[in-house]
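A short worksheet on the structure shown next.
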Amino acid sequence: GQQVMQIPQYQHVQEGEDFTTYCNSSTTLSNIQWYKQRPGGHPVFLIQLVKSGEVKKQKRLTFQFGEAKKNSSLHITATQTTDVGTYFCAGPQDSSYKLIFGSGTRLLVRP
Amino acid sequence: GAGVSQTPSNKVTEKGKYVELRCDPISGHTALYWYRQSLGQGPEFLIYFQGTGAADDSGLPNDRFFAVRPEGSVSTLKIQRTERGDSAVYLCASSTTGISYNEQFFGPGTRLTVL
């Protein structure tokens, strides 16, 4: 079945350093969504990418969708302690409503 | 407006017991989803409702799990004869409609512990 994989599983950075998480799907995706889950919290939608090669920015966060629409990345510039949490990518199975989530990348930031 | 709410926030039960978990979606959202999240994992799809009907229950692990949404709003996930392996956080999400391009709004989840 369709799989969505994320690396790394875990990253610990010094505040001010950059951070990147990568997402790879076993199948071509119609779109990809990114969610953030704070410790003890629930997933919160960050962004959706739809077009091949699309790049979107939200302040210090840059999201990219690969040309083949099978991979994506999230890059955070100059991390802050408020960035702590687990970042999930999710893609729809067979372009349907059913989201397949990656296992997430847990980000810890040392102040 | 209010977000997705779920009750109870925590549920501890004994093996073999029956539990009900409730989800109250955002008003006007016709699509409702249940997910299960185990420690260190992403949410895993269980079931999807469009209106009152379960459009897709392919993610339910077995026939001990059942969910309803009788009036197209509140949904209840029911687990019979609970097992220790059912311990997880059960998340509910809703969206305006059930297409893949719609953002899903998650509730705070119910942490289920089966002793």
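Just so it is clear, none of the values below were taken in a lab; they were calculated from the coordinates. Bear in mind that the values here come from a model prediction, so they are computed numbers and not experimental data. Note that we place each Cβ from the backbone using ideal geometry, even for glycine, and neighbour counts take in every protein chain shown.
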*Surrounding net charge for B:ARG84, when Lys and Arg each add one and Asp and Glu each subtract one, Cβ distance under 15 Å*: +4
*Compute the Cα gyration tensor for the range A:32-91, then decide on rounded, prolate or oblate, letting a ≥ b ≥ c be the square roots of its eigenvalues: rounded whenever a/c is under 1.5, prolate when a/b is larger than b/c in the other cases, and oblate in all that remain.*
oblate
*Using a cut-off of 15 Å between beta-carbons, work out the net charge of the residues near A:LYS59 (Lys and Arg +1, Asp and Glu -1, A:LYS59 not included).*
+2
*asked:* So if each residue of separation counts as 0.36 nm, and I subtract the Cα-Cα distance between B:LEU115 and B:GLU71, what length gain in nm does that give?
replied: 12.5 nm
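Based on the Cβ-Cβ distance from A:THR62 to B:ILE99, what FRET efficiency comes out when R0 is 30 Å, to the nearest 0.05?
Working: r = 26 Å, r/R0 = 0.87.
That gives a FRET efficiency of 0.70.
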_chain B: mean projected area of Cα convex hull, nm²_ = 6.7
_Positive minus negative residues near A:CYS89 (Lys, Arg vs Asp, Glu; Cβ under 13 Å)_ = +3
_Per-residue Cβ counts within 10 Å, from other chains only, averaged over A:96-108: what number is that?_
5
*Would you mind classifying chain A by shape? Square roots of the alpha carbon gyration tensor eigenvalues, ordered a ≥ b ≥ c; an a/c under 1.5 is rounded, otherwise it is prolate if a/b is larger than b/c and oblate if not.*
prolate
*Which peptide among B:76-82, B:2-8 comes first, and what is the full order, when sorted by highest mean count of other Cβ atoms within 10 Å?*
B:76-82, B:2-8
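Give me the inter-chain shielding for B:101-114: mean count of other chain Cβ atoms within 10 Å, whole number please.
3
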*List the residues of the range B:52-75 whose backbone N lies under 16 Å from a point placed 7 Å from the Cα of B:GLU20 along the Cα-to-Cβ direction.*
B:65-75
*Distance in nm between pseudo-label sites at B:GLN80 and A:ALA78 (7 Å out along the Cβ direction from Cα)*: 5.9
_Could you tell me how far the Cα centroid of the range A:50-103 sits from the Cα centroid of the range B:47-115, in Å?_
24
*Note the direction-averaged projected area, equal to a quarter of the hull surface, for the Cα convex hull of the protein assembly as shown, in nm².*
12.2
*Given the pairs A:LYS98/B:LYS78; A:LYS70/B:LYS78; A:LYS56/A:LYS98; A:LYS36/B:LYS17; A:LYS36/B:LYS15; A:LYS56/B:LYS11, which span a C-alpha to C-alpha distance of over 28 angstrom in this model?*
A:LYS70/B:LYS78; A:LYS36/B:LYS17; A:LYS36/B:LYS15; A:LYS56/B:LYS11
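So if each residue of separation counts as 0.36 nm, and I subtract the Cα-Cα distance between B:ARG64 and B:ASN10, what length gain in nm does that give?
Between B:ARG64 and B:ASN10, full extension yields an extra 17.4 nm.
Any idea what the dipole of chain A comes to, in debye rounded to 20, about its Cα centre with Lys/Arg Cβ at +1 and Asp/Glu Cβ at -1?
200
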